[in-house]
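First the structure, in the form of structure tokens, and then the observations on it.
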Amino acid sequence: RGEAIYVPLFRYEVKKDYNLKYIGKEILDLVSNTKKNFLFFGNIRKSKGVEELLQVINYINKENIATDKLNIIVAGADIFDILKNNDGIHNTFTKILLRQLTDSEMKYLFSKSDIILLPYTKITQSAVLEMALQFEKLILTSNLDYFRNILNQFPSFGFNIDTTNVKEFSNKIIELSKNSQLPILKKDIESYYSEKEYNLFITNLKAKLIE
């Protein structure tokens with residue numbers, strides 16, 4: 001097996017503003033003004049680690065862990081009916097909306113969330129990660145090399161853990177819900193969106209082609 005070369009995602013910038021008149025009660029009710037908001041966003045797929053997140057939600061609920069500062073938001077189209085008949089997600093600390101969201105609704109949720117959950121089991125590139133960084137939100141990711149590579153370069157972006165370990169994943173979410181976190185460093189954001197990473201990719205690719 002050869003050495004992997006990571007292809008940088010061609011980044012895009014979105015306008016962060018939204019019109020509140022297009023944000024209905026259904027969306028407003030997902031967000032807590034008194035708790036830490038954790039967002040799991042996008043089409044619900046197993047590869048996004050939704051089953052690992054379900055295990056965490058069920059574990060926290062079953063163990064009666066204090067969740068007075070925790071609000072988990074799951075928002076996106078359940079195209080494979082993974083969550084449709086799952087009773088374990090109905091509790092006081094989890095809010096669910098299973099449909100496609102509009103751009104304004106998406107922007108609202110990202111702007112109001114504190115931490116974006118990325119417990120993916122497979123990935124090539126992630127638009128949700130890009131949105132999180134556009135809105136300068138901390139990320140909590142799985143241990144996939146893709147995420148580890150980014151967080152090794154830019155540690156202020158967030159945290160990566162073994163999201164297949166239910167207890168470790170649960171404890172990290174509870175810990176983050178109770179404690180304050182430092183904001184993402186501006187220099188990391190600027191560096192992430194600079195051309196350096198693309199130039200490094202081209203340099204590495206040329207070197208591998210010559211070998």
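The values are calculated or read from the model by the stated rules, or taken from the named source; none is laboratory data. All figures in this text were calculated on a predicted structure; none of them were measured in a lab. Don't worry about glycine lacking a Cβ; one is built from the backbone with ideal geometry, like all the others, and counts go over all protein chains shown. With ligands, DNA and RNA removed, areas are computed over all heavy atoms of the protein, side chains included. Shrake-Rupley method; radii C 1.70, N 1.55, O 1.52, S 1.80 Å.
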Quiz item: Can you list residues whose amide H is under 5 Å from residue 72's amide H, if they're 5+ apart or on another chain and H is modeled 1.01 Å from N?
Solution: 38, 94, 95
Exercise. Identify the trypsin sites (Lys or Arg not before Pro) of the stretch 19-100 meeting these criteria: DSSP loop state and at most 15 other C-beta atoms within 10 Å of the C-beta.
Key: 69, 84, 99
Quiz item: Lys/Arg Cβ at +1, Asp/Glu Cβ at -1, dipole of the stretch 78-201 taken about the Cα centre: which of 108, 179, 85 is farthest positive-ward?
Solution: 179
Quiz item: So which lysines pass the test for residue 178, namely a Cα distance under 18 Å, with those fewer than 8 places away in the same chain ruled out?
Solution: 35, 36, 69, 112, 137, 167
Quiz item: Heavy-atom accessible area of residue 108 with all protein chains present, probe 1.4 Å, nearest 10 Å²?
Solution: 20
Self-check item: In sequence order, calculated HN-Hα J values of the stretch 41-48 (Karplus, 6.51, -1.76, 1.60; Hz; x Gly/Pro)
Solution: 10, x, 4, 7, 9, 4, 5, 8
Exercise. Please give the solvent-accessible surface of residue 128 in Å², to the nearest 10, using a probe radius of 1.4 Å with every protein chain present.
Key: 20
Self-check item: Largest-first ordering by accessible area, 1.4 Å probe, given options 144, 185
Solution: 185, 144
Quiz item: Using unit Cβ charges (K, R positive; D, E negative) and no other charged atoms, how large, in debye to the nearest 20, is the dipole of the stretch 70-143 about its Cα centre?
Solution: 40
Quiz item: From the backbone phi of the stretch 20-28, what are the Karplus-calculated ³J(HN,Hα) couplings (6.51 cos²θ - 1.76 cosθ + 1.60, θ = phi - 60°) in whole Hz, Gly and Pro given as x?
Solution: 4, 5, 9, 9, x, 4, 4, 7, 4
Practice problem: Calculate one ³J(HN,Hα) per residue across the stretch 171-185 by plugging θ = phi - 60° into the Karplus curve 6.51 cos²θ - 1.76 cosθ + 1.60, and present them in order as whole Hz with x for glycine and proline. | Solution: 4, 5, 5, 5, 4, 5, 5, 8, 10, 7, 10, 5, x, 4, 6
Quiz item: Going by accessible area, probe 1.4 Å, with all protein chains left in place, what is the ranking of 159, 93, largest first?
Solution: 159, 93
